[in-house]
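Colleague: Structure incoming, see below.
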Amino acid sequence: MTTPQMNPPQPTAEARGAGKDTVTAPTARRRRRMATALLVPIGLLTTGLAYTLLAPGSAGAAPTGAEDVSAGRELFLANCSTCHGIDAGGRDLAPSLVGVGAAAVDFQVGTGRMPLRASGPQSPKGSKVTFSQEEIRRLAAYVASLGPGPEIPGASAVDPTLGDPSRGALIFRTNCAMCHNFAGKGGALTQGKYAPDLSDTSPTHIYEAMLTGPGSMPVFADTTLDSESKRDIIAYLDTINEAPSPGGLALGSLGPVSEGLVAWVVGLSALIGCAVWVGARSS
Amino acid sequence: MSVTDEPAATGAGGEEIGVPDGTDRGTGGPSTAGPAGSGGTRTARAAGAVGTFADERFGASRIVRGFARKVFPDHWSFMLGEIALYSFVVLLITGVFLTLFYVPSVAPTTYEGSYAPLNGQQVSEAYASTLRLSFDVRGGLLVRQIHHWSALVFAAAILVHMFRVFFTGAFRKPRELNWVVGVVLALLAIFEGFAGYSLPDDLLSGTGLRIASSILLSIPFVGSYLSSFLFGGEFPGEAFIPRLYTIHVLILPAVFVLLISAHLFMVVLHKHTQYPGPGRRDDNVVGYPFYPVYLAKAGGFFFIVAGITTLMAAVFTINPIWAYGAYDPSPVTAGSQPDWYMGFLDGAARLAPGWWEFTAFGHTVSLNVLLPAVVLPGVLSIVAILYPWLESFVTRSRREHHVLDRPRNAPTRTGLGVMAITFYLLLLVSGGNDIIATQLHLSINAITVALRVLVIALPPIAFLVTKRICLGLQRRDRDLVLHGRETGRIVRTEQGEVYEVHEPIDERERWRLVQHQAHRPYEPPSPDETGSGNGHSVTVRDRLRSRLNRFYFRDRVDPVTPAELAAAQASGHGTGPGHGTGEGRSTEAPSTEAAGTTTER
């Protein structure tokens, strides 16, 4: 709806420019050729600048130095190498971490899923995160140094206030709701696996999950779902988590199952209770 | 104080109600207030005038007086149907409000309303108007939620009412047809609810319609035509929402009003059943008159039902269509479930294994949908509708039954009912298997496999256990009648004999425990007798009947007969001093069979 309203001024400006050009034809043609030549570098420059300014990445994050990598390696050897191998190349128990990128480490360790506490269908979100943010940054630096992979998104890439929740809702419904439920409350997968509840997940971790596809989740690389769409999804989730439920208690936002339960346990029980009361012998 | 409403002793069924103090007009009816009420206030005179007007035109006084004095027995379980009735009234009132704002059209529009996460999205008129009535109409969301909660309570009350009628045997002659009307109402409630659930055109309702169309498609030969006919072409099409709207707000409510009227009319015609008790017989009704007792109780109860559903609507969200988003055939949400009354069908479909679908002669045969979603409800409905005749076929009872059975006194029927409930509940639970999996951290596959086993294994177990419990309770009743209540007082006599003093139960209580009829298994005429040329031979029907009869009555505990009671009292067995006060009372147990003993195999 908004694009058609914004477009009209542009053609009129061009038309006015074109009208001026027609006055002196030869100079205009030369000027136009120079303009085209100039336009390319200018365009490239703007794109480059815009990219460096807007692109997700560790642009804003603390730079990772060699000492971070070595400190991360120490942590890795002490805490992760039992399963992932001394060289992080993976073993029977655990996958290789070469090329998973800093984002995967930040997600898995930052949500308490790693180090794994018990074997099971799926590593649950930890109630306690084992490492400090600083330690996670070092671990991520080390794993990132093993091979190129997705990086931890910058603050602006995951800022819900910059996204469009309405567009995010559409994208979420098409791509995420089938597993995570319409309100991001999670859903069942096969053999005890599940899509987790997203209400307490931080925007950065949501972004990283989309980027790295942990567990059964597919990878939503930037080619599938660009960074703006990811931010819109984050904005939508933020909106529904922050906004009060308009209809009263949301009953877990689980759909008709919890509603049916309430209809019987609260509604019908109360009514039968009243029937017993009203029907009690008056004599 | 209770009033006994006694029609002339023969055939209580269709008899007009007999008012004890005569039937002459003009005694105490509204008509007396008119000309005679000269000393009354102005209001009383006005009321009298209205009464006279109505009486002279419609004979109102006779109708009003007859109905006002109609006696109904008192019991809380008789009010379960009332919950359904009043929910229906609430549904009608709130439904009318909703029609003022709802637009039954799937024409695309852009949502521009107060709910930000949907702003600017392309949605259908139906969805946009439902959002508008929820967020931009004063009180709209509350009314919508009252409507939806009432629908859930309506269906639940119908089910509970139905099982009350079943377990107490209230469906027996002469009420078989009213039972059928009730079953049809229950089925219609499911359809009506589903139609309403589908109207907002949100993601969940669209998914539900998709499933409904798939169920139609699974019917062999005619399925694709049916679906195409109903949806006006391919799913989803544009025709269905308007059609469903007509069905939901016009056709089905009209049918409901008709059938509910018939249902209530038959209740008045047959008179209400009553629980067994002293003085309660098949040819009378013991209770309170409609006016003023039940007018107050029923009127008050309507407001209780309306109040509780309103309270629920004010506290709990139901069907948050704004969160589901507009319908679009491509997405689907985890936890897509129908409302609970459809849940058992969803559950049955979830339990059906995938390999039931196969290809034959170039056509896909979807037995995994057809059997659970079409055949199963069809069979269940037919069994439910025919049950009264099935039971009378088995019991060979031709008489009218107005005194209810205590569920324990019909152990097989009670067992069958609990079996049905168990089966139904397991299907209902299966309908929520994914929610159970996530909430209890279980594997959905394990849950489904377990439920597949349980849905077959558990109902028969439930039948056996229930039947045993009923027999045990009956035996306890016998014990109470014969030996009285344990008092906990232990007495040692001078001879050193030690016994516990039993107190005889009071007569009213004893009547309740001994009044029921003793059923004996039906013995088919033996081939020797019938073979002797009287033209009657043992048919398959006879054999089936006697086999079913044995199934119903083989295990039984007979009620205590007067002879047994007298014998127990005479022997003084297990009784202490002071026993035997029930001497003069005649138990007059309906069973006239001799030597009613506990028989069981």
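Colleague: Can you name the residue in region A:205-219 that is part of a helix (DSSP H, G or I) and of a type outside the set (Ser, Thr, Tyr) and, of all such residues, is surrounded by the fewest Cβ atoms within 10 Å (Cβ to Cβ)? Quick ask: steps written out before the conclusion?
Modeller: As a first pass, look at region A:205-219 and keep what is part of a helix (DSSP H, G or I): A:205-212.
Filter once more, so that each one left must be of a type outside the set (Ser, Thr, Tyr): A:205-206, A:208-211.
Working: A:His205: 21, A:Ile206: 23, A:Glu208: 29, A:Ala209: 23, A:Met210: 28, A:Leu211: 25.
That would be A:His205.
Colleague: Shifting gears a bit: Being surrounded by fewer than 22 Cβ atoms within 10 Å (Cβ to Cβ) and away from every other protein chain (no Cβ under 13 Å) is the filter here; which residues of region B:112-128 pass it?
Modeller: B:Glu125
Colleague: Do we have B:Glu357 as more than 26 Å from the chain's Cα centre (by Cα), charged (D, E, K, R) and either exposed (fewer than 15 other Cβ atoms within 10 Å of the Cβ) or more than 9 Å from chain A (Cβ to nearest Cβ) (or both) here? Break it down stepwise before answering.
Modeller: Values: more than 26 Å from the chain's Cα centre (by Cα): yes; charged (D, E, K, R): yes; either exposed (fewer than 15 other Cβ atoms within 10 Å of the Cβ) or more than 9 Å from chain A (Cβ to nearest Cβ) (or both): yes.
In short, yes.
Colleague: Looking at region A:162-174 only, could you name the residues that are farther than 14 Å from A:Thr239 by Cα and either touching a Pro at 6+ places or on another chain (Cβ under 8 Å) or in a loop (DSSP other than H, G, I, E, B) (or both)?
Modeller: Going residue by residue through region A:162-174, those that are farther than 14 Å from A:Thr239 by Cα are A:171, A:173-174.
Of everything in region A:162-174, those that are farther than 14 Å from A:Thr239 by Cα and either touching a Pro at 6+ places or on another chain (Cβ under 8 Å) or in a loop (DSSP other than H, G, I, E, B) (or both) turn out to be A:Arg173, A:Thr174.
Colleague: Now for a separate question. Which of the residues belonging to region A:187-204 are without any contact (Cβ under 8 Å) to a residue 60 or more places away in the chain and surrounded by 23 or more Cβ atoms within 10 Å (Cβ to Cβ)?
Modeller: A:Gly187, A:Ala188, A:Ala195
Colleague: Using the structure shown, decide if A:Trp277 is more than 7 Å from chain B (Cβ to nearest Cβ) and surrounded by fewer than 19 Cβ atoms within 10 Å (Cβ to Cβ). Working first, answer last.
Modeller: Values: more than 7 Å from chain B (Cβ to nearest Cβ): yes; surrounded by fewer than 19 Cβ atoms within 10 Å (Cβ to Cβ): yes.
Against the criterion (more than 7 Å from chain B (Cβ to nearest Cβ) and surrounded by fewer than 19 Cβ atoms within 10 Å (Cβ to Cβ)), A:Trp277 qualifies.
Colleague: Right, next: Just to be sure I understand, how many residues within region A:170-183 are in contact (Cβ under 8 Å) with a residue 60 or more places away in the chain and touching a Ser or Thr at 6+ places or on another chain (Cβ under 8 Å)?
Modeller: Looking only at region A:170-183, we keep the residues that are in contact (Cβ under 8 Å) with a residue 60 or more places away in the chain, and these are A:171-172, A:181-183.
Within this subset, residues satisfying the condition of being touching a Ser or Thr at 6+ places or on another chain (Cβ under 8 Å) are A:171, A:181-183.
Total satisfying the criteria: 4.
Colleague: Report whether or not B:Ser330 is open to solvent by 30 Å² or more (accessible area, probe 1.4 Å), within 7 Å of chain A (Cβ to nearest Cβ) and polar (S, T, N, Q).
Modeller: Details: open to solvent by 30 Å² or more (accessible area, probe 1.4 Å): yes; within 7 Å of chain A (Cβ to nearest Cβ): yes; polar (S, T, N, Q): yes.
Spelling it out, B:Ser330 is indeed open to solvent by 30 Å² or more (accessible area, probe 1.4 Å), within 7 Å of chain A (Cβ to nearest Cβ) and polar (S, T, N, Q).
Colleague: Hey, another quick one. Can you tell me how many residues in region A:186-202 are in contact with a Leu (Cβ under 8 Å, 6 or more places away or on another chain), not in a loop (DSSP other than H, G, I, E, B) and not aliphatic (A, V, I, L, M)?
Modeller: Matching residues across region A:186-202 total 1.
Colleague: Would you be able to say whether some residue in region A:247-260 is within 10 Å of chain B (Cβ to nearest Cβ), on the phi < 0 side of the Ramachandran plot, open to solvent by 40 Å² or more (accessible area, probe 1.4 Å) and not in a helix (DSSP H, G or I)?
Modeller: Start the filter on region A:247-260 by keeping residues that are within 10 Å of chain B (Cβ to nearest Cβ), which leaves A:247-260.
Cutting the leftovers down to on the phi < 0 side of the Ramachandran plot gives us A:247, A:249-250, A:254, A:256-260.
Next cut, open to solvent by 40 Å² or more (accessible area, probe 1.4 Å) only: A:249-250, A:257.
Those left that are additionally not in a helix (DSSP H, G or I): A:249-250.
Scanning region A:247-260 turns up at least one residue that is within 10 Å of chain B (Cβ to nearest Cβ), on the phi < 0 side of the Ramachandran plot, open to solvent by 40 Å² or more (accessible area, probe 1.4 Å) and not in a helix (DSSP H, G or I).
Colleague: Hey, can you tell me all the residues within region B:53-103 that are polar (S, T, N, Q) and open to solvent by less than 30 Å² (accessible area, probe 1.4 Å)? Walk me through how you get there before you give the answer.
Modeller: First, pick out the residues of region B:53-103 that are polar (S, T, N, Q): B:61, B:77, B:87, B:94, B:99.
B:Ser61, B:Ser77, B:Ser87, B:Thr94 - these are the residues of region B:53-103 that are polar (S, T, N, Q) and open to solvent by less than 30 Å² (accessible area, probe 1.4 Å).
Colleague: Being under 19 Å from B:Tyr197 (Cα atoms) and of a type in the set (D, E, K, R) is the filter here; which residues of region B:209-244 pass it?
Modeller: Here is the first cut: in region B:209-244, the residues under 19 Å from B:Tyr197 (Cα atoms) are B:209-216, B:227, B:230-231, B:235-244.
Those that are under 19 Å from B:Tyr197 (Cα atoms) and of a type in the set (D, E, K, R): B:Arg210, B:Glu238, B:Arg243.
Colleague: If you don't mind, there's one more thing I want to ask. Restricting the search to region B:277-312, which residues are more than 23 Å from the chain's Cα centre (by Cα) and aromatic (Phe, Trp, Tyr)?
Modeller: Matches in region B:277-312: B:Tyr288, B:Tyr291.
Colleague: Still on this structure, I have one more. With more than 8 Å from chain B (Cβ to nearest Cβ), of a type in the set (Asp, Glu) and open to solvent by less than 30 Å² (accessible area, probe 1.4 Å) as the only criterion, which of A:Asp232, A:Asp222 stands out? Break it down into steps so the answer makes sense when it comes.
Modeller: Values: A:Asp222 fails: open to solvent by less than 30 Å² (accessible area, probe 1.4 Å).
Result of the check over A:Asp232, A:Asp222: A:Asp232.
Colleague: Would you check which residues across region B:291-311 are open to solvent by 40 Å² or more (accessible area, probe 1.4 Å), within 24 Å of A:Glu259 (Cβ to Cβ) and at the interface with chain A (Cβ under 10 Å from one of its Cβ atoms) and list them?
Modeller: B:Leu311 - this is the single residue of region B:291-311 that is open to solvent by 40 Å² or more (accessible area, probe 1.4 Å), within 24 Å of A:Glu259 (Cβ to Cβ) and at the interface with chain A (Cβ under 10 Å from one of its Cβ atoms).
Colleague: Continuing with this model, one more query. Output the residue which, of all residues in region B:132-185 that are without any contact (Cβ under 8 Å) to a residue 60 or more places away in the chain and among the small types (Gly, Ala, Ser), is surrounded by the fewest Cβ atoms within 10 Å (Cβ to Cβ).
Modeller: Among those that are without any contact (Cβ under 8 Å) to a residue 60 or more places away in the chain and among the small types (Gly, Ala, Ser), it is B:Gly139.
Colleague: Name every residue in region A:102-128 that is modelled with pLDDT of 90 or more and out of contact with any helix residue (DSSP H, G or I) (no Cβ under 6 Å at 6 or more places or on another chain), in order of residue number. Step through it out loud before you land on a result.
Modeller: Keep residues of region A:102-128 that are modelled with pLDDT of 90 or more, which gives A:102-113.
Selection gives A:Gln108, A:Gly112, A:Arg113.
Colleague: Same structure again: Counting only residues that are touching a helix residue (DSSP H, G or I) at 6+ places or on another chain (Cβ under 8 Å) and open to solvent by 90 Å² or more (accessible area, probe 1.4 Å), which one in region B:484-530 is modelled with the lowest pLDDT?
Modeller: Restricting to residues being touching a helix residue (DSSP H, G or I) at 6+ places or on another chain (Cβ under 8 Å) and open to solvent by 90 Å² or more (accessible area, probe 1.4 Å), the top hit is B:Glu523.
Colleague: Shifting gears a bit: Any chance region B:459-467 includes a residue that's closer than 30 Å to B:Pro562 by Cα and buried (at least 17 other Cβ atoms within 10 Å of the Cβ)? Explain how you work it out, then say what you get.
Modeller: Within region B:459-467, the first condition is being closer than 30 Å to B:Pro562 by Cα, and the residues that meet it are B:466-467.
Still in the list and also buried (at least 17 other Cβ atoms within 10 Å of the Cβ): B:466-467.
For region B:459-467, residues closer than 30 Å to B:Pro562 by Cα and buried (at least 17 other Cβ atoms within 10 Å of the Cβ): present.
Colleague: Yes or no: B:Val453 in contact with a Phe, Trp or Tyr (Cβ under 6 Å, 6 or more places away or on another chain) and away from every other protein chain (no Cβ under 14 Å)? Explain how you work it out, then say what you get.
Modeller: Values: in contact with a Phe, Trp or Tyr (Cβ under 6 Å, 6 or more places away or on another chain): no; away from every other protein chain (no Cβ under 14 Å): yes.
So B:Val453 fails the test.
Colleague: Test B:Arg468 against the criterion of being more than 14 Å from chain A (Cβ to nearest Cβ) and more than 27 Å from the chain's Cα centre (by Cα), and give yes or no. Break it down stepwise before answering.
Modeller: Working: more than 14 Å from chain A (Cβ to nearest Cβ): yes; more than 27 Å from the chain's Cα centre (by Cα): no.
Criteria not met by B:Arg468.
Colleague: Collect the residues in region B:129-139 that are away from chain A (no Cβ under 12 Å) and within 23 Å of B:Arg243 (Cα to Cα), keeping them in residue-number order. Lay out the reasoning, then the answer.
Modeller: First pass over region B:129-139, keeping only residues away from chain A (no Cβ under 12 Å): B:129-130, B:132-133, B:137-139.
Result: B:Ser129, B:Thr130, B:Arg132, B:Leu133.
Colleague: Whether any residue in region A:141-161 is open to solvent by less than 20 Å² (accessible area, probe 1.4 Å), assigned to a helix (DSSP H, G or I) and without any contact (Cβ under 8 Å) to a residue 60 or more places away in the chain is what I want to check.
Modeller: Here is the first cut: in region A:141-161, the ones open to solvent by less than 20 Å² (accessible area, probe 1.4 Å) are A:141-143, A:147, A:153-154, A:157-158.
Those left that are additionally assigned to a helix (DSSP H, G or I): A:141-143, A:157-158.
The next check asks that each one be without any contact (Cβ under 8 Å) to a residue 60 or more places away in the chain; those that pass are none.
The answer is no, given that none of the residues of region A:141-161 is open to solvent by less than 20 Å² (accessible area, probe 1.4 Å), assigned to a helix (DSSP H, G or I) and without any contact (Cβ under 8 Å) to a residue 60 or more places away in the chain.
Colleague: Could you grab me the full set of residues in region A:90-112 that are within 18 Å of A:Gly126 (Cβ to Cβ) and either in the same structural domain as A:Gly215 (by TED's automatic domain parsing) or open to solvent by 30 Å² or more (accessible area, probe 1.4 Å) (or both)?
Modeller: Hit for region A:90-112 is A:Gln108, nothing else.
The values are calculated or read from the model by the stated rules, or taken from the named source; none is laboratory data. These numbers were taken from a predicted model, which means no experiment stands behind them. All Cβ positions, even for glycine, are placed from backbone atoms using ideal geometry, and neighbour counts span all protein chains on display. Areas reflect the complete protein model, heavy atoms only, side chains present, ligands, DNA and RNA absent. Shrake-Rupley method; radii C 1.70, N 1.55, O 1.52, S 1.80 Å.
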